[in-house]
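One structure below.
The values are calculated or read from the model by the stated rules, or taken from the named source; none is laboratory data. Everything numeric in this text was worked out from a predicted model, so none of it was measured. Note: accessible area is taken over every heavy atom of the protein model, side chains too, but ligands, DNA and RNA are not part of it. Shrake-Rupley method; radii C 1.70, N 1.55, O 1.52, S 1.80 Å.
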Amino acid sequence: MMLDLVTRAKRTPVALTAAFAVAMAAVVAAAAPAAAGPWPDHAVTVVVPFPAGGSTDMVARTVAQKLNEKLGQPFVVENRSGATGAIGATSVARAQPDGYTFLVASIGVYATNPFLQPKLQYDPLKDFDLLTVAVRAPNVLVATPKFPAKSVAELIAELKKNPGKVSFASSGAGSSDHLTAALFWQKTGTAGLHVPYRGGAPAISDLVAGHVDVSFQNINAVISQIKGGNLRVLAVTGDKRSPLLPDVPTLSEAGVVGADVFSWQAIAAPKGLPADVRTKLHAEIAAALNAPDVKPRMEEIGFEIVANTPEEFRAFLTQELARWKQVIEDGKISIE
């Protein structure tokens, strides 16, 4: 077709130009792939870098279900655990930035792994499009009922009387509850005995049994034990009292200033999402979190919906990175 058009067009330069343009347009159109449909037009993978059943997994599955209902495509949660969340997070950082893979992870993945894992293969600020902090929840300072301290002041007195002997359970070295304890010691000029476990469940179990003295735990993980009388709560680590425990003081109210801590879950995608996909994904996630059948249920178990903007997430993460870097360095904390 193109040869015939060019041959016939030799009679005039104008005709040649027009004929060549038509022929080339036909060739390009034939070779071009069909345009992709609006996002999403097939299944989306939601990576959780921890085993199923924890708080992060619950948040991810709740959001995925609502996105599935709203957008009409499967949002499939995949648990890719290992290396304190680093394996799953790295896989997302290396994925195509097309909106079909995103990450739901907790504070450790974003804000503490960079200072605890020297060989970390992702940078939370450079390798992700940060979408939103989904939820947050304060930790609570809890004690076994056998422990003599019934207030934060009494706990501090015990720590000063017996430095390095009051045991603090955590879900593992470098975990949020471990780092909260380290921050507490730094702010109060005390030292406790860190007892790391392989996860929050065994730490809580030994705390209830009286094998360890105290712990900082996510409020949603221990609220039933507190209300059942199996654990004594001394304080919450939020910047205000928890609606679930309105009579329990914050650490600031108890005299420990600068130790406000929230555990949080946030959502990110590989760096370089198309702008329209990023905007739509953020809007749909925020709507899912604030849905009338989601928000009250989250609040009942201690989560506060955040659903902030990508810009707010970036500013918040920058602050968190600086804060936990200092805590880790001052406490000489290592997981190796």
Descending principal axes extents, segment 178-336, alpha-carbon based, whole Å: 53, 38, 32
The chain: antiparallel bridges as % of DSSP beta bridges, rounded to 5, reads 60 percent
Just to be sure I understand the rule: take each whole DSSP H helix in the chain, project its Cα atoms onto its long axis, keep it if the span is 15 Å or more and its mean Kyte-Doolittle hydropathy is at least 0.0. Which ones pass? 13-31, 275-289
Rounded to the nearest Å, the spacing of the alpha-carbon centers of segment 71-105 and segment 246-316 is 18 Å
I'd like the projected area of segment 83-166, averaged over all directions, using the convex hull of its alpha carbons. Report it in nm² with one decimal. 8.4 nm²
Where does the chain land at 222 nm, in deg cm²/dmol rounded to the nearest 500, when only DSSP H runs of n ≥ 4 count, each adding -39500 (n - 2.57), divided by all residues? -13000 deg cm²/dmol
Roll a 1.4 Å probe over the protein chains and send me the accessible area per residue for the chain in Å². 46 Å²
Cross-link pairs beyond the 21 Å C-alpha cut-off, checked among 150/227; 240/295; 150/325: 150/325
How big is the equivalent ellipsoid of the chain along its three axes, where each semi-axis is √(5λ) from the Cα gyration tensor, reported in whole Å from largest to smallest? 53, 20, 16
Could you give me D for segment 75-122, from Stokes-Einstein at 4 °C and 1.567 mPa s, where the hydrodynamic radius is the Kirkwood radius over C-alpha pairs? Units µm² s⁻¹, please. 114 µm²/s
311, 158, 253, 320, reordered so the largest accessible area comes first (probe 1.4 Å): 311, 253, 158, 320
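Pop out the carbon and sulfur fraction of the accessible area of the chain as a percent, whole number, probe 1.4 Å.
With neighbouring chains kept in place, the figure for the chain is 57 percent.
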